[in-house]
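**Q** Below is one structure. I have some questions about it.
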Amino acid sequence: MYACNMAPSLSAVVVVAVALLQTVQLVNGHAAMVIPHTRNSEDSSLPEFQGGKSPDTPCTCANGVGNQETGCDLGARGSGGGGQPCLWWSQGCSIGCPICATNMTDGKIPTKPITGNPPHTDKAGFRKSYCENPTTTSTLPRNAWTMNINAVEGSVNDSYRFNPWRAPGSAPIVDACGQAGGKFPQTPMGGDSTYTNTPLAKFGDMGSQLPPMKNQPTWVAGSSVQVAWGMRYNHGGGYQYRLCPASEPLTEACFQKMPLEFNRSAHALLWNNGTKMYIDGVFVDGDAVVPKNSTWARNPIPRINDDNIGLANETGCDGHAGRFHPACYQFPAPCPQDNGTLPWSTDGSGQGWCSGDWTMGSISDEVIVPKDIKPGKYVLGWRWDCEETAQVWQNCADINIVATSESK
């Protein structure tokens, strides 16, 4: 189902004509909830982050869509895409393990390097579980796989079988609203594990301890409301939105009590210039997910690999052709105008019109506010379980929920 059948033209987005950089192998994905605004993006009002600028890793203005020095027009990502919301996550988190490898144990910060196994030691979770005896194995239906989709399940080349999306919602996390920088500064972890300290938060802080937002949107019980998230780096996987009363500790257990259902007909790609295209989503529910009988949505944007080394379909994407060979696409792009990596995308795996490290847009949904929910203050949690890596991204936003009668 489509609201339109064309993505914005090149003139409709910010295009930076630059020479392609060497492809870079990245351990980390990065993404953030961009609608509504979140506690994790409150630093967007600080001078160094205004207009999408960033001293370090920009969450939107990158990959040919502006840059961190000058910023960019955030467009549809403007609500929550500025600041550092994409730098709050949990790492070293395998399904069936009691804790993540980046968790403190016995009050001690981990100082042992966290890596994957060969041939991709640079990818957290590649052929590796971060506990000796995982109690959970993959529950994900094949149609919801986003990476290495031709692998024989459980085989050596099923290289992502221990990572969060393979059993949605079951992997442990460090904090339900993410950890700034994805680790403590003292923990050796490759990739873009970084965070710029501000008066609001510092590297290693827990997102659940961030103060409530100054401006809180109002939702009406029983209504369907728009939410959206946007990526900086893409690692496949899938996501869920949940609620926790603001009066309670913001824990994973609290959020699991109130997962929100999707309005499945409203699943869409939302380009930064406002163009929206409705697409058929892939949703996972029942016994395959945690909490049981809740609903998760597959990330519809295909990852573009730099190489498929160690995967089931290495031919054609062995690192020599870089990210431009069709075999590097992990599954078909959802918009018909995507014909491969665009020449002006500048880093990571690049991006097509709806593929790769997609900073041109976000994934838009509508979630249904329960009719019988008690009016009051809540925190909306967004959780993205990655498939390519042992990582989980989280953001939290304050929401005021009113009864239907109060909204009239």
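The values are calculated or read from the model by the stated rules, or taken from the named source; none is laboratory data. The model shown is predicted, which means the values in this text are computed figures rather than measured ones. When we count neighbours, we look across all protein chains shown, and the Cβ atoms used for this are built from the backbone with ideal geometry, even at glycine. To get the accessible areas, we keep the full protein, side chains included, count just its heavy atoms, and leave off ligands, DNA and RNA. Shrake-Rupley method; radii C 1.70, N 1.55, O 1.52, S 1.80 Å.
**Q** Quick one: is Leu243 closer than 21 Å to Ile373 by Cα and in contact with a Ser or Thr (Cβ under 9 Å, 6 or more places away or on another chain)?
**A** On the way: closer than 21 Å to Ile373 by Cα: yes; in contact with a Ser or Thr (Cβ under 9 Å, 6 or more places away or on another chain): no.
When the stated conditions are applied, Leu243 does not pass them.
**Q** Of the conditions (1) open to solvent by less than 20 Å² (accessible area, probe 1.4 Å); (2) in a loop (DSSP other than H, G, I, E, B), Ala228 clears all except one; give me its number.
**A** Failing condition for Ala228: (2).
**Q** Within segment 80-87, is there a residue that is buried (at least 22 other Cβ atoms within 10 Å of the Cβ), part of a loop (DSSP other than H, G, I, E, B) and over 18 Å from the mean Cα position of the chain (by Cα)? Before the answer, list the steps.
**A** Step one: list which residues in segment 80-87 are buried (at least 22 other Cβ atoms within 10 Å of the Cβ), which gives 80-87.
Next, from what is left, pick out any that are part of a loop (DSSP other than H, G, I, E, B): 80-84.
If we keep only those that are over 18 Å from the mean Cα position of the chain (by Cα) as well, we get none.
Checking segment 80-87: not a single residue is buried (at least 22 other Cβ atoms within 10 Å of the Cβ), part of a loop (DSSP other than H, G, I, E, B) and over 18 Å from the mean Cα position of the chain (by Cα).
**Q** I've got another one for you. Here are the criteria: (1) open to solvent by 50 Å² or more (accessible area, probe 1.4 Å); (2) over 23 Å from the mean Cα position of the chain (by Cα). Tell me which single one Cys131 does not satisfy.
**A** (1)
**Q** Next up: Out of Glu252, Glu248, Glu153, I need the residue that is open to solvent by 10 Å² or more (accessible area, probe 1.4 Å), under 21 Å from the mean Cα position of the chain (by Cα) and charged (D, E, K, R). Which one?
**A** Glu252
**Q** I've got another one for you. Read through the list (1) in contact with a Ser or Thr (Cβ under 7 Å, 6 or more places away or on another chain); (2) hydrophobic (A, V, I, L, M, F, W, C); (3) open to solvent by 10 Å² or more (accessible area, probe 1.4 Å), then give the number of the only condition that Cys100 fails.
**A** (3)
**Q** Can you confirm whether segment 341-353 contains a residue that is of a type in the set (Ser, Thr, Tyr), farther than 29 Å from Arg127 by Cβ and touching a Pro at 6+ places or on another chain (Cβ under 8 Å)?
**A** Within segment 341-353, none of the residues are of a type in the set (Ser, Thr, Tyr), farther than 29 Å from Arg127 by Cβ and touching a Pro at 6+ places or on another chain (Cβ under 8 Å).
**Q** Only one of Asp205, Asp192 is of a type in the set (D, E, K, R), touching a Leu at 6+ places or on another chain (Cβ under 7 Å) and either open to solvent by 20 Å² or more (accessible area, probe 1.4 Å) or modelled with pLDDT of 95 or more (or both). Can you tell me which?
**A** Values: Asp205 fails: touching a Leu at 6+ places or on another chain (Cβ under 7 Å).
Criteria check complete, one pass: Asp192.
**Q** Okay, next question. Anything in segment 345-366 that is modelled with pLDDT of 90 or more and either assigned to a strand (DSSP E or B) or surrounded by fewer than 23 Cβ atoms within 10 Å (Cβ to Cβ) (or both)? List them, or say none.
**A** Gln351, Gly352, Ser355, Gly356, Gly361, Ser362, Ile363, Ser364, Asp365, Glu366
**Q** Mind listing just one residue for me: the one in segment 60-69 that is polar (S, T, N, Q), assigned to a loop (DSSP other than H, G, I, E, B) and modelled with pLDDT under 95 and, of those, nearest to the chain's Cα centre (by Cα)?
**A** Start the filter on segment 60-69 by keeping residues that are polar (S, T, N, Q), which leaves 60, 63, 67-68.
If we keep only those that are assigned to a loop (DSSP other than H, G, I, E, B) too, we end up with 60, 63, 68.
Narrowing further to those that are modelled with pLDDT under 95: 63, 68.
Numbers: Asn63: 17, Gln68: 20 Å.
Once the filter is applied, the top-ranked residue is Asn63.
**Q** Further, regarding this structure: Checking Lys374 against (1) in contact with a Ser or Thr (Cβ under 9 Å, 6 or more places away or on another chain); (2) surrounded by fewer than 21 Cβ atoms within 10 Å (Cβ to Cβ), only one condition comes out false. Which one?
**A** So Lys374 meets the others, but not (1).
**Q** Residue by residue through segment 82-107, note down the ones that are of a type outside the set (Gly, Ala, Ser), farther than 22 Å from Lys123 by Cβ and out of contact with any helix residue (DSSP H, G or I) (no Cβ under 9 Å at 6 or more places or on another chain). Break it down stepwise before answering.
**A** As a first pass, look at segment 82-107 and keep what is of a type outside the set (Gly, Ala, Ser): 84-89, 91, 93, 95, 97-100, 102-106.
From what is left, the residues that are farther than 22 Å from Lys123 by Cβ are 84-85, 98, 104-106.
Matches in segment 82-107: Pro98, Met104, Thr105, Asp106.
**Q** For Leu200, indicate whether it is over 20 Å from the mean Cα position of the chain (by Cα), within 30 Å of Gly352 (Cβ to Cβ), part of a loop (DSSP other than H, G, I, E, B) and of a type in the set (A, V, I, L, M). If you could, list the steps in order and put the result at the bottom.
**A** Details: over 20 Å from the mean Cα position of the chain (by Cα): yes; within 30 Å of Gly352 (Cβ to Cβ): no; part of a loop (DSSP other than H, G, I, E, B): yes; of a type in the set (A, V, I, L, M): yes.
Spelling it out, it is not the case that Leu200 is over 20 Å from the mean Cα position of the chain (by Cα), within 30 Å of Gly352 (Cβ to Cβ), part of a loop (DSSP other than H, G, I, E, B) and of a type in the set (A, V, I, L, M).
**Q** Does Leu243 qualify as being more than 30 Å from Gln351 (Cα to Cα) and part of a strand (DSSP E or B)? Write out each step before concluding.
**A** On the way: more than 30 Å from Gln351 (Cα to Cα): yes; part of a strand (DSSP E or B): yes.
Taking the combined requirement at face value, the residue satisfies it.
**Q** While we're on this one: Is it the case, given these coordinates, that Gly274 is surrounded by 22 or more Cβ atoms within 10 Å (Cβ to Cβ), more than 17 Å from Glu388 (Cα to Cα) and of a type in the set (Gly, Ala, Ser)? Spell out the reasoning first.
**A** Details: surrounded by 22 or more Cβ atoms within 10 Å (Cβ to Cβ): no; more than 17 Å from Glu388 (Cα to Cα): yes; of a type in the set (Gly, Ala, Ser): yes.
Spelling it out, it is not the case that Gly274 is surrounded by 22 or more Cβ atoms within 10 Å (Cβ to Cβ), more than 17 Å from Glu388 (Cα to Cα) and of a type in the set (Gly, Ala, Ser).
**Q** Please go through segment 159-189 and give me each residue that is open to solvent by less than 20 Å² (accessible area, probe 1.4 Å) and either β-branched (Val, Ile, Thr) or more than 26 Å from Ala312 (Cβ to Cβ) (or both), ordered by number. Full working, then the answer.
**A** Of all residues in segment 159-189, those open to solvent by less than 20 Å² (accessible area, probe 1.4 Å) come to 159-160, 163-169, 171-172, 175-183, 187.
The answer is Pro172, Asp175, Ala176, Cys177, Gly178, Gln179, Ala180, Gly181, Gly182, Lys183, Thr187.
**Q** Being open to solvent by 40 Å² or more (accessible area, probe 1.4 Å) and modelled with pLDDT of 95 or more: is that true of Pro47 here? Outline the logic, then answer.
**A** Numbers: open to solvent by 40 Å² or more (accessible area, probe 1.4 Å): yes; modelled with pLDDT of 95 or more: yes.
Against the criterion (open to solvent by 40 Å² or more (accessible area, probe 1.4 Å) and modelled with pLDDT of 95 or more), Pro47 qualifies.
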